[in-house]
1. Is it possible to state the helix-based mean residue ellipticity at 222 nm for the chain, with each DSSP H run of 4+ residues giving -39500 (n - 2.57), the sum divided by total residues, to the nearest 500 deg cm²/dmol? What is it?
2. Run the simple label-point estimate for Arg57 and Gln8 please: 7 Å along Cα→C-beta, distance reported in nm.
3. Scanning the chain for helices, which whole DSSP H stretches are 24 Å or more long along the axis (Cα) and average -0.5 or more by Kyte-Doolittle?
4. Relative contact order for the chain using alpha-carbon pairs under 8 Å, separation at least 6, rounded to a whole percent?
5. Taking the convex hull of the Cα atoms, report for the chain its projected area averaged over all directions, in nm².
6. Taking the Cα centre of the chain as origin, work out the dipole magnitude from +1 charges on Lys and Arg Cβ and -1 charges on Asp and Glu Cβ, in debye rounded to 20.
Amino acid sequence: MFPQFCYQPRFLDDLTVVANNIHETLQNSVRALRGLETGRRSAQGQASRRVEQEKIRGLERFTRMAHEDFLQAHRQLKSAEARAIKART
């Protein structure tokens, strides 16, 4: 993934765990937003939408990229992880 940096496998494993957690949280928030968009336009629904949007914005600030870009990068990370596991065995 980053061959020029020669990261230790343990670091990459930990990085992958963090990325997986962020991915899961983003996916949950995106799903929740989709569900709320098809629902009623009540005050509670609007508040829930704002909460989910804020979660996504917070994760975007943390990862320093838009959530769509992060999801693409996560797919690339999973692909690189699969190749690394294959190379180890």
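Derivation of every value follows stated rules applied to the coordinates shown; laboratory data play no part. Small disclaimer: the values here were computed from a predicted structure and weren't measured. Virtual Cβ from ideal backbone geometry, glycine too; neighbours counted across all protein chains shown.
1. Roughly -29000 deg cm²/dmol at 222 nm, from the helical runs in the chain.
2. That separation, rounded to one decimal, is 3.9 nm.
3. Once both thresholds are applied, what remains is 9-38.
4. Once normalised by length, the contact order is 33 percent.
5. 6.7 nm²
6. Computed about the Cα centre, the dipole is about 200 debye.
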